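All remarks here apply to the structure that follows.
Nothing in this text is a laboratory measurement; each read-out follows from the coordinates by a stated rule. Treat the numbers as computed from the prediction; the structure is a model and nothing was measured. Note that each Cβ is placed from the backbone with ideal geometry, even for glycine, and that neighbours are counted across all protein chains shown.
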Amino acid sequence: MAGKNLFNPASISDRRRYVESTATFGLILICVALIVPFFNPTDFALLVSFKWVYAAGAIIFLIARVVNVSDPSDSIRLRRLRRLEFWAGIAFAMAAGFWFYQESHLASLGQYVGVLAILRNTIMFSLVGALIQIIASWMIVAQSRKEGKGDRNPGKNGKTSSK
């Protein structure tokens, strides 16, 4: 009985709103974790602590993107675009993995290794994930508008438009 309202348009829009808020929170954690270590580049304690913040943000974002928020009446293209956002989460998770890997292998060099040497792959994969997320969100908005121009949205005079 609980699955009966699974494809209710109101529940899908509520679920979509909740998932987007969760993904945004994960992105905020990722941004904070990337910026803070550059405030004091000689303090390696920031690298150690903020790698966990980054990993938490990446996992939160990835979990939010795993949740299905597609309406069954959506087109295949729109569903695929929503699935593309999942790959941005994979890129963020890989960036977190590189942070853990680089920090564990390069921290033994101590003061001779800078923050940028440890975070170079993390920054690269974060940029890849951000680029995928930006392109996917733009394309989702454009495709939703294109599909919504049918008989769902009223035209300028209040009547429904048709193709």
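Please give the contour-minus-distance gain from S49 to A142: 0.36 nm per residue of separation, less the Cα-Cα distance, rounded to one decimal in nm.
Values: separation 93, 0.36 × 93 = 33.48 nm, distance 3.93 nm.
Taking 0.36 nm per residue and subtracting the Cα distance, the gain is 29.5 nm.
Quick check: pseudo-label points 7 Å beyond the Cα along Cα→Cβ at A130 and V32, how many nm apart are they?
Between A130 and V32, the label points sit 1.7 nm apart.
If we sort 84-95, 38-49, 13-24 on the protection proxy, mean other Cβ atoms within 10 Å, highest first, what's the order?
Working: 84-95: 20.5, 38-49: 12.8, 13-24: 14.4.
Answer by packing, highest mean first, reads 84-95, 13-24, 38-49.
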